[in-house]
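The values are calculated or read from the model by the stated rules, or taken from the named source; none is laboratory data. What you see is a predicted model, and the numbers here were worked out from it, not measured in a lab. In this analysis, Cβ positions are derived from the backbone assuming ideal geometry, glycine residues included, and neighbour counts consider all displayed protein chains. Ligands, DNA and RNA are stripped out before the accessible areas are found, and what is left, the full protein with its side chains, is counted by its heavy atoms. Shrake-Rupley method; radii C 1.70, N 1.55, O 1.52, S 1.80 Å.
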Amino acid sequence: MQDGNVQSDQSRRRHALLIAAVQDFIATAEPIGSHYIASRYRLGVKAATVRSMMAELEEEGYLFQPHTSAGRIPTDKGFRYYVDDLRPRQQLGMDDRARIEMRYSEAARDTAETMRETSRLLAMLTGQAAVVLAPRLEAVVLQSVNFVRVRARQVLAIFVALAGGVEHCLINIEQDYAQDELDRMGRYLDEALGGRTLEEARGWIERSLHEERARYDSFVRAALKLGDAMMSRPAVVEVYVEGSARAVEQPEFTDPAKMQELLRALEDKTALLDLLERSLRAAGPMISIGSENIDPRLGDLSVVAAAYAGGSKPLGTLAIVGPVRMDYGRVIPLVDYIARTLSRLFEP
């Protein structure tokens with residue numbers, strides 16, 4: 001199909017017709033007929049011409065007629081055309097902006113609670129299922145490191161992120177240390193690692209372990225090995241999901257098979273994680289519509305995702321997961337604005 005800015009009246013009408021068909025299908029979840037479009041929109045042509053243009057759009061893969069006697073519905077290709085046309089003009093209303101800013105001004109600064117609050121807020125504002133990927137551990141900026149002796153040769157490592165989150169893990173060590181020795185090691189690593197991300201801290205420790213000072217200074221080597229044990233543990237991806245119950249109230253999910261497809265995707269999360277990780281590298285919101293999703297489990301769903309950052313470093317992602325018949329005009333700017341608001345919270 002030609003672009004909406006092409007020269008001919010026919011092209012402009014086809015553009016207006018497709019946009020109108022998608023908008024009305026989003027609003028009604030019902031197939032759209034030519035008489036309805038002709039009476040509702042001023043396209044400058046009669047219903048018979050509208051019917052002919054809709055048939056052409058169907059041949060080109062933008063519309064689909066589920067039954068010969070029914071109207072037409074947009075395909076994934078039709079929704080993609082609509083989204084690409086919509087994005088340059090999308091804006092979030094002042095009421096929504098004020099509501100979001102107010103919610104975050106009241107929210108606790110604890111990272112886990114902020115993530116939970118974000119998923120709740122997204123689900124409430126969109127009526128869809130919201131998924132929030134917490135800050136990736138390797139991207140978290142360290143503020144302080146502490147070690148607490150639990151028992152002989154076992155230490156609780158605690159590190160506080162600059163943004164306010166607290167992480168901890170139990171590590172087993174070869175040699176037992178008194179608490180005052182552990183305190184001294186924590187202060188040493190504080191000085192060396194403060195302001196670095198965990199990924200940067202891990203690299204610094206690995207390099208330092210091979211330096212001459214670590215070979216001859218037993219305290220430095222012990223502190224580095226303790227830090228290395230803390231940094232080397234497997235990272236756990238925290239994912240927060242909210243709004244599943246409201247999402248399945250959409251007309252598309254009256255089909256039990258489709259409802260189960262959505263719930264499975266939200267429950268096991270593996271279908272979503274690759275998509276959310278890819279959105280970390282995207283500039284602005286990433287929209288993946290139906291068959292565009294690589295994972296077949298998301299074939300009947302759309303995902304609108306955006307990354308949030310701490311300074312210039314991507315930290316995590318938030319997303320809306322719902323039917324292809326999604327109100328993109330509302331969902332995209334909401335996801336984008338909340339991601340940018342989170343980025344301000346995580347500024348170093």
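Please list the three semi-axes, largest first and in whole Å, of the ellipsoid equivalent to the range 1-120, using sqrt of 5 times the eigenvalues of its alpha carbon gyration tensor. Numbers along the way, then the final one.
Numbers: eigenvalues 294, 52, 35 Å².
Listed largest to smallest, the semi-axes of the range 1-120 are 38, 16, 13 Å.
FRET efficiency for the pair ARG99 and GLU347, taken as 1/(1 + (r/R0)^6) with r the Cβ-Cβ distance and R0 = 25 Å, rounds to 0.70.
Of the heavy-atom accessible surface of the chain (probe 1.4 angstrom), what whole percent is carbon and sulfur?
On the way: 8360 of 17310 Å².
Of the solvent-accessible surface of the chain, carbon and sulfur hold 48 percent.
For the pair GLN65 and GLU113, the difference between a 0.36 nm per residue extended length and the Cα-Cα distance amounts to 12.7 nm.
Among 249-256, 51-58, 112-119, 204-211, how do they line up by average Cβ neighbours within 10 Å per residue, starting with the highest?
Numbers: 249-256: 13.2, 51-58: 17.6, 112-119: 19.1, 204-211: 14.8.
The peptides rank, most packed first, as 112-119, 51-58, 204-211, 249-256.
A dipole drawn for the chain from +1 and -1 charges on Cβ atoms has a positive end, and of GLY322, SER232, LEU18 the residue lying farthest that way is LEU18. The phi torsions of the range 48-64, fed into the Karplus equation with coefficients 6.51, -1.76 and 1.60 and a -60° offset, translate into couplings of 5, 5, 4, 4, 5, 5, 5, 5, 5, 5, 5, 4, 7, x, 8, 10, 9 Hz, rounded to whole numbers, with Gly and Pro shown as x.
Working note: 222 nm ellipticity from helices only, DSSP H runs with n ≥ 4, each -39,500 (n - 2.57), summed and divided by the residues of the chain, gives -15500 deg cm²/dmol to the nearest 500.
Sorting the Cα pairs of the chain by distance into bins of 10 Å, from 0 upward, gives 5, 21, 24, 19, 14, 8, 5, 3, 1 percent per bin.
The distance between label points at HIS168 and MET124 comes to 3.0 nm (points 7 Å beyond Cα on the Cα→Cβ vector). The fraction of Cα-Cα pairs per 5 angstrom bin, counted from 0 for the range 175-273, comes to 2, 10, 16, 14, 10, 6, 5, 7, 8, 8, 6, 5, 2, 1 percent, rounded to whole percents. Looking at the range 1-77, the accessible area is 56 square angstrom per residue; that uses a 1.4 Å probe and ignores ligands, DNA and RNA.
Modelled this way, with points 7 Å down the Cα-to-C-beta line, the labels at VAL45 and GLU292 are 2.6 nm from one another.
The simple spin-label model puts a point 7 Å past each Cα toward its Cβ; for THR254 and ALA283 those points are separated by 4.4 nm.
Between THR270 and GLN91, what length comes free when the chain is fully extended (0.36 nm per residue of separation minus the Cα-Cα distance, one decimal in nm)? Working shown, then result.
Values: separation 179, 0.36 × 179 = 64.44 nm, distance 3.16 nm.
Separation in residues times 0.36 nm, less the Cα-Cα distance, equals 61.3 nm.
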